[in-house]
1. Given (1) in a helix (DSSP H, G or I); (2) at pLDDT 95 or above, identify the lone condition not met by Gln210.
2. Looking only at residues in the stretch 139-153 that are surrounded by fewer than 17 Cβ atoms within 10 Å (Cβ to Cβ) and in a loop (DSSP other than H, G, I, E, B), which one is farthest from the chain's Cα centre (by Cα)?
3. Could we say that Asn169 is over 22 Å from Ile51 (Cβ atoms) and either modelled with pLDDT of 95 or more or acidic (Asp, Glu) (or both) here?
4. Are any residues in the stretch 90-103 closer than 12 Å to Leu57 by Cα, without any contact (Cβ under 8 Å) to a residue 24 or more places away in the chain and either in contact with a strand residue (DSSP E or B) (Cβ under 7 Å, 6 or more places away or on another chain) or assigned to a helix (DSSP H, G or I) (or both), and if so, which ones?
Amino acid sequence: MRLMCDLEARMAKLEKAFEGSGFLLAQVLPDIPAEAPKRPGPKPVPIWSLIPERDSLVEMLEAYWPELEFLCRPSPNEQELESALHAIAKAQAGHYSHPAKKLIGHLPELVDFLSSDRFRGNPRQIANAFAGFPKIGIWRSLKQCQSRPCNRPIGQRAIKSYISRKHPNLYRELIADYSLPNFARALRAYRSQDRKLDPFRADYLYLCWQSCKPNNFALGASAIELH
């Protein structure tokens, strides 16, 4: 009983002290954050917001890959890349204007990426890397987009480059004899689990192969003859 009385007396004294002093409760209690502290670093960007931008870059790059590929490797040429991308942005009533201008606006970063070992001659890696840039870093954009690969078929004008990178044995068979019978024989004999090759039957691949030839650049000018 005495202990209870002492406790009540102390509580009453403490309440009176608060009333008289105007102290804030935070001055006598341990610091308690009002909300969880924010984590440092950039805000997360959901993958679904990157996919439309990534896919538009894929479409543009693969449509003009025969013209762009030799400007991208082995030593990227910033000045000629800029001229080619400007020409692409103006071609076809500006159909590819947005993705081309996006890369034009980040040419130094593009050249750095093309010079890295993460490029590997694949235009889809460029699209993955720049889909989220500059909202997020290039390498973060690349990682996020690689986790959700583009499900579009390989572009008609990029299929030759794709086969040379992914299927060198098949590529050697095809370039040895550009004829429909050879294409049919080579594809029939080739065994692969690569579903990206499925749309390209012999007759279709035979036609696409010709479209993979680069058109002539107007060297020294800011224009390019585009397909």
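1. Only one criterion in (1) in a helix (DSSP H, G or I); (2) at pLDDT 95 or above is unmet by Gln210, namely (2).
2. Pro153
3. So Asn169 fits the description; yes.
4. We begin by selecting, within the stretch 90-103, every residue closer than 12 Å to Leu57 by Cα; these are 95-103.
Still in the running and without any contact (Cβ under 8 Å) to a residue 24 or more places away in the chain: 95, 97, 101.
Correct list: Ser97, Lys101.
Yes or no, residue by residue, for (1) of a type outside the set (Asp, Glu); (2) farther than 21 Å from Leu71 by Cα; (3) surrounded by 14 or more Cβ atoms within 10 Å (Cβ to Cβ):
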| residue | (1), (2), (3) |
| --- | --- |
| Gly137 | yes, yes, yes |
| Gly155 | yes, no, yes |
| Asp177 | no, yes, no |
| Arg188 | yes, yes, no |
| Asp203 | no, yes, no |
| Cys212 | yes, no, yes |
| Asn215 | yes, no, no |
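The values are calculated or read from the model by the stated rules, or taken from the named source; none is laboratory data. Only a predicted model underlies this, so the values are computations on that prediction, with no experimental measurement involved. Counting neighbours? That spans all protein chains shown, and the Cβs are built from the backbone with ideal geometry, glycine included.
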